[in-house]
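First comes the structure, then the notes that go with it.
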Amino acid sequence: MKIIETNLSNFIEEIHTSKNGTFYFFKDFIVSEINQGAIINWETVQEIINMATDYYGENPQICYISNRINPYSINPIDWNIFFKSGKRLNGYAIVSYTENGWLNALIEKLFYNSKIARFKNLFEAISWVKEINYNATKNNT
């Protein structure tokens, strides 16, 4: 389900569209919907980082939700570069609607050492990231 088709669309603060997909910026998380057939590599990851930095500022306390409504390819080694780069997410949620998407999420989990979770729907993922962000904020005060 696309986020724009839900009542959550009322809470979108900004939308960024690129050749790889659409990125929905909320108060403390980003939801991505990558285009069918896209290849997510280090260049794409840097583009997402730049969009997030422009919107939230340096070192934001946010989560990232990958709403996998389309099949696409990810180079998990490039995500590994991101995670080792010092950039940090409070959490990374994967919403998958297919069995193949679940398998890809399992592979990604091997490369990511922080909070990552898989969900079958967007609402569960958003509930999880809200809790993660709340706990991160509470621990930083």
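FYI, it's all coordinate maths here, none of it is from the lab. Owing to the predicted nature of the structure, the values given are computational and were not obtained by experimental measurement. As a convention, Cβ positions derive from the backbone with ideal geometry for all residues, glycine included, and neighbour counts pool all protein chains shown.
General observations
- Partner aspartates and glutamates whose Cα lies under 20 Å from the Cα of K120, excluding those fewer than 8 positions away in the same chain, are identified as E5, E33, E99, E108, E131.
- Modelled spin labels at Q61 and I4, positioned 7 Å past Cα toward Cβ, are 3.2 nm from each other.
- Cα-centre dipole for the stretch 3-139 with unit charges at Cβ (Lys and Arg positive, Asp and Glu negative), debye to 20: 440
- Fully extended contour minus Cα-Cα distance, from Y134 to I15, at 0.36 nm per residue: 40.5 nm
- Spatial offset of the stretch 94-131 relative to the stretch 29-52 amounts to 16 Å, using the alpha carbon center of each.
- Extension gain (nm, one decimal) between W102 and E47, 0.36 nm per residue minus Cα-Cα: 17.3 nm
- Helical segments meeting 24 Å axial Cα length and Kyte-Doolittle -1.0 threshold in the chain (DSSP H): 122-139
- Reduced Cα scattering model of the chain, Debye log10 I(q)/I(0), q = 0.11, 0.17 Å⁻¹: -0.36, -0.94
- Beta bridges per DSSP, both residues in the chain: antiparallel share near 40 percent.
- Per residue of the chain, the DSSP helices (runs of n ≥ 4 H) give a summed -39500 (n - 2.57) that works out to -12500 deg cm²/dmol at 222 nm.
- Cα→Cβ-extended label distance, 7 Å offset, between D54 and S127, nm: 3.5
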